[in-house]
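Colleague: Please read through the structure below; I'll follow up with questions.
Each value in this text was obtained by applying a stated rule to the coordinates, not by laboratory testing. No experiment lies behind these values; they were computed from the predicted model shown. Positions of Cβ are generated from backbone atoms using ideal geometry, with glycine treated the same way; all protein chains shown enter the neighbour counts.
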Amino acid sequence: MTSDEFNAFCRALPATSHVVQWGGSHVWKVGGKVFVVGGWSDGAPAFSFKVGDIAFDMLISQPGLRPAPYLASRGLKWIQHCAAPGLAEEELRAYIRQSHRIVSSGLPKKTRRALGLDES
């Protein structure tokens, strides 16, 4: 996934915001909380995203995936897609969508409602 494709995909998710920080990484947030980070070093993409406990345990053993640097070392369940074969693009998109849901569901109800994310 190119940076343009990544940014267009994340922009289409509900109530997102974008900032470039941490040495040129594309950081996407919902309600001010990070749900995915994309970076391109020497043209090679790397995507870090939040996952649940079971997905974390399953994904860390797959080639091209690893616990996300910095985040996972602090006990957070974040995976980094960093090399081939990694995930197919549709799988990666599904995990990014899931990360958005995980992070947005952890926001206060008032914030979710203000962002139009409240499911009620």
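Colleague: Counting helices only, and only those DSSP H runs with n ≥ 4, report the 222 nm mean residue ellipticity of the chain as the sum of -39,500 (n - 2.57) divided by its residues, in deg cm²/dmol to the nearest 500. Don't jump to the answer; show the numbers that get you there.
Modeller: Numbers: 4 runs with 40 residues, N = 120.
Calculated mean residue ellipticity at 222 nm is -10000 deg cm²/dmol.
Colleague: Based only on other Cβ atoms within 10 Å, what is the fewest-to-most ordering of ILE54, ILE60, ILE96, ILE102? Could you put the intermediate results ahead of the total?
Modeller: Details: ILE54 9, ILE60 15, ILE96 23, ILE102 18.
Listing ILE54, ILE60, ILE96, ILE102 from fewest to most nearby Cβ atoms yields ILE54, ILE60, ILE102, ILE96.
Colleague: A further question follows. Residues of the stretch 73-108 with backbone nitrogen within less than 13 Å of a virtual label 7 Å along the Cα-to-Cβ line of LYS33, please, listed as ranges.
Modeller: Within reach of a label on LYS33, which here means backbone N under 13 Å from a point 7 Å along Cα→Cβ, the stretch 73-108 contributes 77, 99-108.
Colleague: Related question: Counting other beta carbons within 10 Å of each Cβ, put ASP42, ASP4, ASP118 in order, fewest first.
Modeller: Working: ASP42 4, ASP4 8, ASP118 13.
Going from sparsest to densest Cβ surroundings: ASP42, ASP4, ASP118.
Colleague: What is the distance, in nm, between label points placed 7 Å from the Cα along the Cα-to-Cβ direction at SER41 and at SER105?
Modeller: The answer from the label model is 3.2 nm.
Colleague: Related question: Take the Cα pairs of the stretch 47-120, get the Kirkwood Rh, then feed it into Stokes-Einstein at 37 °C and 0.692 mPa s and tell me D in µm²/s. Present the calculation step by step, with values, prior to reporting the outcome.
Modeller: Details: Rh = 13.1 Å.
In µm²/s, the coefficient rounds to 251.
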